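Enquirer: Quick one: the structure is below, and I'll ask about it shortly.
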Amino acid sequence: MSVDAFRYHRIPSDAEPLRAQVREFLQETLKDRPALRRADSWMGADPAFSRELGRRGWLGMALPKRYGGSEAGPFARYVVIEELLAAGAPVSAHWIADRQSGPLILRYGTESQREKYLPGICRGESYFCIGMSEPGSGSDLASIRTRAVREGDSWVLNGHKLWTTNAHHSHYMIALVRTGDKTSARHEGMSQFIIDLKAPGVTIRPITDLAGGQHFNEVFFDNVQLGADAMIGLEGQGWEQVTAELAFERSGPERFLSSIALLHTLIEAIGRKPDAYQAREIGRLTARLFALRQMSLSVTAELAAGKNPAWAASCVKDLGTGFEQDLPEVAQLLLDTLPAVGSGSDHAQVLASLMQMAPSFSLRGGTREILRGIIARGLGLR
Amino acid sequence: MNNMREIFESTIERLLGDMVTPELLRACESGAWPAELWAAIEESGFAVAAAPESHGGAGASWDDLFVIVRAAGRHSLPLPLPEAMLGNALLGQCGLEAVSEPLSIGAHGALSMYRGRISGTLHDVPWGRHVKQVVAVTHGGEPMLVLLDTAQARCEPRLNTAGEPRDDLHFDNAEVSASAELPQGVPADVLHLGGALLRSAQIAGALQGVLAQTIQYATERVQFGKAIGSFQALQHHMAVLAEHTGCTSVVAECAFAQSQDAAGGFAALPIASAKICSAEAAGVAASVAHTVHGAIGFTHEHALHLSTRRLWSWRSEFGNATHWSQRLGLAVCQGGAQALWPTITVGQLALAAINSGVTA
């Protein structure tokens, strides 16, 4: 690998005009959205909002038109999603489908799978979650035990997924499960399935997070019948497919923009005359935000060129979540504001909310330690 | 993607890879001026490349020249090539002829002009004792870009942590070799801004070198029966070093590319971001590299310090992280929260020149 892979990539000029349209739409649509709700960012769900984005052609932007996409390309999509995040729009319902499931189905799906799932994703009507972690398998993903067993033409699924973000308002899960025999090597014998979450035998139980929010779930599979067409990609290739997918998951702007609501309330609360310390810290945060965006655009260009920059995506996520976790730490030092729940100033409430969310940033989508392991492998150390 | 840049990079890589050896660097630290190396660089045309063709240059863009400055950093080039490139770019912008002999810049201090003659002091002039000419901007009244022959200056020699000359030059009623008003839109602290741009790319290059050396050492050095690079604690240190290396390189490259289009030739927001991130990365990188290298990396004999001692100075030169953070933070707060995101996407923000070191 070469660190030279991080090369400056300007957003192409034909993608930029879209920005003004998106901003205008968001300014009008979100004008009454309070700061605390904006802080939900990509954890805030609103199906009506998702459908409106679909109607405007702002979902599935990198997907072909024959499946309902707009073929606008990865940078037009980037412009739209970064504007949505910066405005604190409620994008959670469709987020994973648009970011990850759609591209995965396009890449590995059969023609009939593409025709079945992609149009609904593009309309903002069909929502996906990702089934990876299990009770005994967090960072050690290859140790999963949920298993699909072949029965004639179809499969029977049994097992238990955990920490599944958005399962409670998703229609489908794309799950990584075991399909090989018990003797197969750790990274072999796994496959991906698209699971209809309304199917008999699927049970979803929300898990309340430490601040009382409900974003993640546990999902049980009890003899769930899966048709032959439920498998996505090749039998036994699940690990490779998941690894490729993770570069999309780890390099996007949600890895450094999900707390921007706090930077906004902080700047407002400090006002136009910062002291030297406040100015320094706001400047430092701004510089890091600016740089992270350039890194993320660089990885987007690599992905658009058909490469799999797994280690570079991990760099973006590790530095990005570090930035996001520093934000509430810095904010509570800059102003003598008590973090407040239920009432209080916008800043006090957003501070309380994101301070409590912050530990999850370096857990979801791969822990800091896993990411650094991937980077070390890229450096030839493993 | 960018053909010119690839030619530039392979050319400078060959030139510096052959000529800038640890022995040469040690000799320069003892006070030598590598005249043969300067001659080779002069021959390459890079020092004058940023000036327009009509004024003795090649009309090369900052976008293309980024790789030259980064390579200078990667090889610890003991010459003011980046400074000469900046000086010549500004001479060209002002309609003056490029200078191919050794040239530096004086970004700090105060010079006044009276009846066409110059008095005052320039501080921390890179290789001030060795260069023939220095580019500076006068203070008081309309800022003028001036080219001064250093033979007229009284030189007070100083060194940075890497033993690179950073000299004070005192001028008393000196003649100017050339002068011109700064063009519209070019700020009076343009040398400070441009210097920060240069150092961010040099730091990016030095980080590449430090990362490569550190990985190599970690795969060769054996303790507890295995290469130390196989220990997770050290792997994670080096992963962080790689993150900062990638970050610094892309944000520095962005600052060069966006300066190409900026009014006045220098994009303040990307430059400030690049200097802040590179300064922070410099500290992290030196710390990780010395941790991994252990005691051998702390010796004068080992080559690691040829990069790390530069990082410790370069991060502070032309404004340290606090200087740029405060200017950036003040401008962001004055713009208000609503302006933050549009500012980031456009990449433009005017920074007030507080405490810039430009005023005496």
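Enquirer: What residue among A:ILE81, A:ALA244, A:ASN166 has its Cα farthest toward the positive end of the dipole of the protein assembly as shown, where the charges are +1 on Lys, Arg and -1 on Asp, Glu, each on the Cβ?
Expert: Positive-end residue among those listed: A:ASN166.
Enquirer: Length gain on complete extension for the stretch B:SER230 to B:SER316, per 0.36 nm per residue less the alpha carbon to alpha carbon distance?
Expert: Once the chain is fully extended between B:SER230 and B:SER316, it gains 27.6 nm.
Enquirer: How much accessible surface does A:LEU106 have with a 1.4 Å probe, in Å² rounded to 10?
Expert: 40 Å²
Enquirer: Let me ask something else. Over all directions, average the projected area of the Cα convex hull of chain A and note it in nm².
Expert: Mean shadow area of the hull around the Cα atoms is 19.3 nm².
Enquirer: Taking chymotrypsin sites (Phe, Trp or Tyr not before Pro) as candidate sites, keep only those in a DSSP loop with at most 16 other Cβ atoms within 10 Å, then name the longest stretch of chain B containing none of them.
Expert: Here the longest segment lacking exposed loop sites spans B:1-223.
Enquirer: Here's something else I'd like to know. Across the range A:216-221, in residue order, what do the Karplus-derived ³J(HN,Hα) couplings come to in whole Hz, using 6.51 cos²θ - 1.76 cosθ + 1.60 with θ = phi - 60° and x for Gly and Pro?
Expert: 10, 8, 10, 10, 9, 10
Enquirer: How many angstrom lie between the C-alpha centres of the range B:314-328 and the range B:70-117?
Expert: Between the Cα centre of the range B:314-328 and that of the range B:70-117, the gap is 20 Å.
Enquirer: Check each of the GluC sites (Glu not before Pro) in the range B:176-268 and keep only those in coil by DSSP with at most 13 other C-beta atoms within 10 angstrom; list them in order.
Expert: For GluC sites (Glu not before Pro) across the range B:176-268 that sit outside H, G, I, E and B with at most 13 neighbouring Cβ atoms in 10 Å, the list is empty.
Enquirer: If you don't mind, there's one more thing I want to ask. On a full-extension model of 0.36 nm per residue, what is the gain between A:GLU240 and A:LEU335, subtracting their alpha-carbon distance, rounded to one decimal in nm?
Expert: That pair, A:GLU240 and A:LEU335, stretches by 29.5 nm at full extension.
Enquirer: Sticking with this one: Between rounded, prolate and oblate, where does the range A:26-149 land on the alpha carbon gyration tensor, with a ≥ b ≥ c its root eigenvalues, rounded for a/c under 1.5, else prolate if a/b exceeds b/c?
Expert: Cα axes put the range A:26-149 in the oblate bin.
Enquirer: Please list, by residue number, every one of the trypsin sites (Lys or Arg not before Pro) in the range A:72-174 that is coil in DSSP and has at most 16 other beta-carbon atoms within 10 Å.
Expert: The qualifying sites are A:ARG145.
Enquirer: Output wanted: per-residue J couplings in Hz (rounded whole) for the range A:111-126, from phi through Karplus 6.51 cos²θ - 1.76 cosθ + 1.60, θ = phi - 60°, x for Gly and Pro.
Expert: Calculated HN-Hα couplings, in order: 4, 6, 5, 4, 5, 6, 9, 5, x, x, 5, 5, 7, x, 10, 10 Hz.
Enquirer: Shielding of B:231-240 by partners, i.e. mean partner chain Cβ atoms within 10 Å per residue?
Expert: Neighbouring Cβ atoms belonging to other protein chains average 6 per residue here.
Enquirer: Quick one: what are the phi-derived ³J(HN,Hα) couplings along the range B:138-153, Karplus 6.51/-1.76/1.60 with θ = phi - 60°, whole Hz, x for glycine and proline?
Expert: 7, 10, x, x, 5, x, 10, 7, 10, 10, 10, 7, 6, 4, 7, 8
Enquirer: Between B:ALA58 and A:GLN21, with labels modelled 7 Å along Cα→Cβ, what's the label distance in nm to one decimal, could you check?
Expert: Simple spin-label model gives 4.2 nm for this pair.
Enquirer: Moving on. For chain B, what is the charge dipole size about the Cα centre, in debye to the nearest 20, if Lys and Arg each add +1 at the Cβ and Asp and Glu each add -1 at the Cβ?
Expert: Dipole of chain B, to the nearest 20 debye: 940 debye.
Enquirer: On alpha-carbon atoms, Rg over Rh for chain B using Kirkwood Rh?
Expert: With Rg and the Kirkwood Rh in hand, the quotient comes to 0.98.
Enquirer: About its Cα centre, what dipole magnitude does the range B:254-354 give when the only charges are +1 on Lys and Arg Cβ and -1 on Asp and Glu Cβ, stated in debye to the nearest 20?
Expert: 100 debye
Enquirer: Something else: Enter the accessible area per residue of the protein assembly as shown (Å², integer; probe 1.4 Å; all protein chains in place).
Expert: Accessible area per residue: 38 Å².
Enquirer: Here's a follow-up. Which of rounded, prolate or oblate describes the range B:1-102 when judged by the alpha-carbon gyration tensor and an a/c cut-off of 1.5?
Expert: Oblate.
Enquirer: Would you tell me the mean number of C-beta atoms belonging to other protein chains that fall within 10 Å of each C-beta in B:316-328, as a whole number?
Expert: For peptide B:316-328, the averaged partner shielding equals 4.
Enquirer: Let me ask something additional. List the residues whose amide H sits under 5 Å from the amide H of B:ASP168, counting only those 5 or more places along or on another chain, with H placed 1.01 Å from N in the peptide plane.
Expert: Counting only residues 5 or more places away or on other chains, the set is B:ASP124, B:VAL125, B:GLU156, B:ARG158.
Enquirer: So the label point goes 7 Å from the Cα of A:ARG107 along Cα→C-beta, right? Which residues of the range A:308-347 then have their backbone N under 19 Å from it?
Expert: Answer for the range A:308-347: A:308-318.
Enquirer: Over the alpha carbons of the range A:88-168, what is the largest minus smallest coordinate on each principal axis, giving the biggest first in Å?
Expert: In descending order, the Cα extents are 37, 34, 21 Å.
Enquirer: Can you list residues whose amide H is under 5 Å from B:ALA178's amide H, if they're 5+ apart or on another chain and H is modeled 1.01 Å from N?
Expert: B:LEU147
Enquirer: Could you give the radius of gyration (one decimal) and Dmax (whole number) of the Cα atoms in the protein assembly as shown, in Å?
Expert: 28.0, 98
Enquirer: Suppose accessible area is computed on protein heavy atoms with a 1.4 Å probe; arrange B:ASP172, B:ASP64, A:ASP196 from highest to lowest.
Expert: Sorted by accessible area, descending: B:ASP172, A:ASP196, B:ASP64.
Enquirer: Share of chain B's accessible area from carbon and sulfur, percent, 1.4 Å?
Expert: Carbon plus sulfur share of accessible area: 52 percent.
Enquirer: Using a 1.4 Å probe on protein heavy atoms only, how many Å² of accessible area do B and A hide from each other, summed over both chains and rounded to 100?
Expert: Counting both chains, the buried surface is close to 4500 Å².
Enquirer: For A:GLY131, enumerate residues with amide H under 5 Å from its amide H, sequence gap 5+ or separate chain, H modeled in the peptide plane.
Expert: Correct list: A:ILE174, A:ALA175, A:LEU176.
Enquirer: Starting from 0.36 nm per residue, how many nanometres of slack lie between B:GLN223 and B:ALA110 once their C-alpha separation is accounted for?
Expert: 35.2 nm
Enquirer: Additional query: For the pairs A:LYS65/A:LYS307; A:LYS31/B:LYS275; A:LYS198/A:LYS307, flag any whose C-alpha to C-alpha distance is greater than 31 Å.
Expert: Among A:LYS65/A:LYS307; A:LYS31/B:LYS275; A:LYS198/A:LYS307, the Cα-Cα distance tops 31 Å for A:LYS31/B:LYS275; A:LYS198/A:LYS307.
Enquirer: If you place +1 on the Cβ of every Lys and Arg, -1 on the Cβ of every Asp and Glu, and leave all else neutral, what size is the dipole of the range A:1-142 about its Cα centre, to the nearest 20 Debye?
Expert: About 280 debye.
The values are calculated or read from the model by the stated rules, or taken from the named source; none is laboratory data. If you're wondering where the values come from, they're calculated on a predicted model, not measured in any experiment. FYI the Cβ positions are ideal-geometry reconstructions off the backbone, even for glycines, and counts take in every protein chain you see. To get the accessible areas, we keep the full protein, side chains included, count just its heavy atoms, and leave off ligands, DNA and RNA. Shrake-Rupley method; radii C 1.70, N 1.55, O 1.52, S 1.80 Å.
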